[in-house]
Structures are given as structure tokens and as C-alpha cells.
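Accompanying notes for the structure given below.
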């Protein structure tokens with residue numbers, strides 16, 4: 001197993017434990033959505049939103065989508081969620097650890113992650129190394145660390161925000177406040193945040 005594979009399993013576990021329904025709908029499920037948003041299943045000729053993170057960022061943030069290379073995170077996550085064998089690079093493993101921390105922190109932003117929720121997450125991890133399971137348990141038990149998430153996100157700001165959003169139901173003021181502070185810390189505009197939310201079927205964070 002790898003941290004990237006562990007990230008995919010933890011993502012599914014959080015969805016179940018926190019009953020985050022938005023990410024489970026649709027024919028593609030979580031894997032298809034992550035692939036579409038973060039670079040997987042890229043089809044330049046389709047013209048659809050499945051063009052990956054580069055196209056999404058280009059549209060949301062005013063940049064040239066082609067100037068952001070596909071770092072393969074979406075494809076790897078999609079493959080991991082599909083049960084395929086993956087071989088991430090050392091850099092991608094480091095990125096997976098950043099996203100893992102971001103997602104677990106977001107799952108705690110409603111003020112609690114009780115033992116039952118933690119057990120559900122661990123149940124979905126399956127076959128991982130002792131070091132990987134210890135990392136997950138450590139992050140779940142650690143205090144909320146928004147500033148640590150922001151500091152670790154250098155160069156991965158949109159990915160960190162999206163993975164954080166995936167772990168949240170956005171049905172409490174605590175979660176809304178967390179996402180607001182996260183977006184501000186990451187330098188993501190309110191317009192871009194609302195567009196991210198619309199793409200994944202989550203309530204908008206900001207009023208027009």
C-alpha cells in the first residue's frame with residue numbers, strides 16, 4: 001500500500017463516517033468525481049467539466065488551464081478508489097500526506113470525531129503498513145490544526161481546499177467558518193470557492 005492509496009481509502013471512510021452524501025451520488029461515485037476535479041479521466045476533446053483540475057482552475061481563477069501541468073493526483077486517486085495497483089512517485093506520496101491531513105482536519109471541523117466515526121474510517125483503510133495506520137490514527141487524535149493545513153499546502157491550494165470540502169457536510173456554522181478561514185488562508189477567492197462548491201453539489205459558502 002502507499003499513502004496515496006491510503007488517502008483514497010480514508011476518503012471513502014470519512015464519507016461513510018460523516019455521511020457526506022454529496023460525494024457519493026452520481027454514476028461515477030467518489031472516484032469519478034475526484035478524477036474529474038483533480039485531473040483524472042482527462043479528455044481534451046470532450047469540452048466537459050471532466051477536463052481535470054487544470055481546466056477547472058483555468059475557468060475559476062482566470063489563469064491559462066494549459067499552464068498547470070497535470071500532476072496525476074486525480075488519476076492516482078481514481079485508480080486507488082477503483083482498487084487498482086498504483087505506483088506513486090515520492091513527490092506524490094508527500095502530496096498525499098498533505099491531502100490526508102487536510103481531509104482529516106476538515107472532518108473534525110464540526111467540533112468532534114468520536115470513536116465510532118474513527119472506527120468507521122479505520123475499517124475502510126484495510127491493508128496498509130503499520131506506519132500508515134499510525135499516521136491516520138495520529139491525525140484523527142490530534143487537535144484541529146487549520147494553520148498547519150494552510151502552511152503545508154504550498155503549491156496545492158486548490159487540491160487542499162477540494163479535499164477538505166469532500167470531508168464536510170456543510171450543515172453547521174463550525175464547518176462553514178472552517179472552510180471560510182481555510183479559503184482565506186489559501187488565498188482562494190469567494191467566487192472560486194462558490195464555483196468549487198457548485199461543481200461538487202455542496203451548498204455555496206458565500207452569498208452573491
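Each reported figure results from applying straightforward, stated rules to the coordinates on display, with no laboratory input. Just so it is clear, the model here is predicted, and its values are computed rather than measured. As a convention, Cβ positions derive from the backbone with ideal geometry for all residues, glycine included, and neighbour counts pool all protein chains shown.
What is the Cα centroid distance between segment 94-123 and segment 158-177, reported in whole angstrom?
12 Å
Order of 103, 12 from fewest to most other C-beta atoms within 10 Å?
Numbers: 103 23, 12 20.
The most exposed by this proxy come first: 12, 103.
Give me 139, 174 sorted ascending by neighbouring Cβ count inside 10 Å, so fewest comes first. The partial results should precede the final answer.
Working: 139 20, 174 15.
Ordered from fewest to most neighbouring Cβ atoms within 10 Å, 139, 174 come out as 174, 139.
What order, most packed first, do the peptides 2-8, 105-111, 153-159 have when packing is the mean number of other Cβ atoms within 10 Å of each residue? Numbers along the way, then the final one.
On the way: 2-8: 25.1, 105-111: 21.6, 153-159: 17.7.
Ranked from most to least packed, the peptides come out as 2-8, 105-111, 153-159.
Cβ neighbours within 10 Å, averaged per peptide: list 190-197, 92-99 in order, most packed at the top. Let's see the in-between values first.
Numbers: 190-197: 18.2, 92-99: 20.1.
The most tightly packed comes first, giving 92-99, 190-197.
With 10 angstrom as the radius, rank 133, 125, 104 by how many other C-beta atoms surround their C-beta, starting from the fewest.
Ordered by Cβ neighbours within 10 Å, fewest first: 133, 125, 104.
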